[in-house]
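Only one structure is covered here, and it is reproduced in the block below.
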Amino acid sequence: MNNSRALVIVPTYNERENLAALVAAILTADPELHLLIVDDNSPDGTGELADALAQAHRQMHVLHRPGKAGLGAAYRAGFEYALAQGYEFIIEMDADFSHNPADLPRLIAPARAGIADLVLGSRWAAGGGTRGWPLHRRLISRGGSRYARTILRMPVRDLTGGFKCFRRRVLETLDLAAVKTSGYGFQIELTYRARQAGFRVREIPIIFTERQRGQSKMSGRIVTEALLMVWRLRFPRLAATVAREPA
């Protein structure tokens, strides 16, 4: 089996209007890439369109889940698929063109070169940034990363981003079943656990673009989960003690 194969995992929920263009852009960026759509039974027919597109692209695959269970759960299902199918490089990517498919070769390159085990597409590294965000959104995102970085004592500029490339040994080593968070929290936790396990983390600058079509999946619950989760990661024994105390 070719141990240099790379799989891009794209979770979807009501992304029908973006999907065909996204698939074309990913496969144009690197025709050797494989693509897995993980659809949470989208009411708008995203899953059915994904199946039709997969008929036309041999390197495209579709994983159907019974319902909306959160970004973290969708990625965990995608990771299990990737490991079972023998992929060496596993990429996380949004379905809304916030992550530029043309950046995929740059994202994968440090992992392919053997100089990183986890590569992060970073909005806040030198040369990175956002497009289409108002000032308050930039401040919240940048502040959230700084908050997590300070508590977790990690020299990573963008901890909440979702454009990542893992070498398979990272995902094989981590206890993915123990990662229960979603959204921002899921992204922070994976990077933290990878670095704690001794893996090399590298950031590359990207420009993150606000979605033009569809609706954001972000919510106050996801933000709150991330804010609390970093303390649980930083002080696991205290978190375990609190969890055992009777209500």
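Tabulated values for the structure
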read-out	value
Residue list for the stretch 62-110, restricted to those being among the small types (G, A, S) and under 19 Å from Y13 (Cα atoms)	G67, A69, G70, G72, A73, A74, A77, G78, A95, S98
Residue match in the stretch 111-126 (condition: in a helix (DSSP H, G or I) and more than 20 Å from E15 (Cβ to Cβ))	yes
Test for E203: is it open to solvent by 40 Å² or more (accessible area, probe 1.4 Å), acidic (D, E) and at pLDDT 95 or above	yes
Single match in L107, L159 (criterion: crowded, with 22+ Cβ neighbours inside 10 Å, under 17 Å from the mean Cα position of the chain (by Cα), of a type in the set (A, V, I, L, M) and in a loop (DSSP other than H, G, I, E, B))	L159
Residues of the stretch 189-200 that turn out to be under 12 Å from M229 (Cβ atoms), charged (D, E, K, R) and open to solvent by 20 Å² or more (accessible area, probe 1.4 Å), as a count	1
Total residues in the stretch 18-39, condition out of contact with any Gly (no Cβ under 6 Å at 6 or more places or on another chain) and either acidic (D, E) or assigned to a strand (DSSP E or B) (or both)	5
Residue within the stretch 129-149 that is buried (at least 16 other Cβ atoms within 10 Å of the Cβ), assigned to a loop (DSSP other than H, G, I, E, B) and in contact with a strand residue (DSSP E or B) (Cβ under 6 Å, 6 or more places away or on another chain) present	no
Matching residues in the stretch 59-86 - criterion: being in contact with a helix residue (DSSP H, G or I) (Cβ under 9 Å, 6 or more places away or on another chain), of a type outside the set (A, V, I, L, M, F, W, C) and not in a loop (DSSP other than H, G, I, E, B)	H61, H64, G72, Y75, R76, E80
Qualifying residue in the stretch 41-56 (condition: under 18 Å from the mean Cα position of the chain (by Cα) and farther than 23 Å from R112 by Cα)	no
Subset tally (residues that are closer than 20 Å to L107 by Cα, open to solvent by less than 40 Å² (accessible area, probe 1.4 Å) and in contact with a helix residue (DSSP H, G or I) (Cβ under 8 Å, 6 or more places away or on another chain)) for the stretch 168-188	4
Residues being open to solvent by 40 Å² or more (accessible area, probe 1.4 Å) and either at pLDDT 65 or above or among the small types (G, A, S) (or both) - total across the stretch 215-239	12
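Residue-by-condition table, conditions (1) within 21 Å of K180 (Cβ to Cβ); (2) of a type in the set (A, V, I, L, M, F, W, C):
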{"residue": "R16", "(1), (2)": "no, no"}
{"residue": "A73", "(1), (2)": "yes, yes"}
{"residue": "M93", "(1), (2)": "no, yes"}
{"residue": "F97", "(1), (2)": "no, yes"}
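Residue by residue, here is whether (1) touching a residue at least 40 places away in the same chain (Cβ under 8 Å); (2) surrounded by 19 or more Cβ atoms within 10 Å (Cβ to Cβ); (3) on the phi > 0 side of the Ramachandran plot holds:
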position: S4; (1), (2), (3): yes, no, no
position: N14; (1), (2), (3): yes, no, yes
position: L36; (1), (2), (3): yes, yes, no
position: E48; (1), (2), (3): no, no, no
position: A54; (1), (2), (3): no, no, no
position: Q59; (1), (2), (3): no, no, no
position: K68; (1), (2), (3): yes, no, no
position: L71; (1), (2), (3): yes, yes, no
position: E80; (1), (2), (3): yes, no, no
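The values are calculated or read from the model by the stated rules, or taken from the named source; none is laboratory data. The shown structure was predicted, so the numbers you read here are calculated from the model rather than taken from an experiment. Note that each Cβ is placed from the backbone with ideal geometry, even for glycine, and that neighbours are counted across all protein chains shown. The protein model used for the area step is the full one, side chains on, heavy atoms only, and it has no ligands, DNA or RNA in it. Shrake-Rupley method; radii C 1.70, N 1.55, O 1.52, S 1.80 Å.
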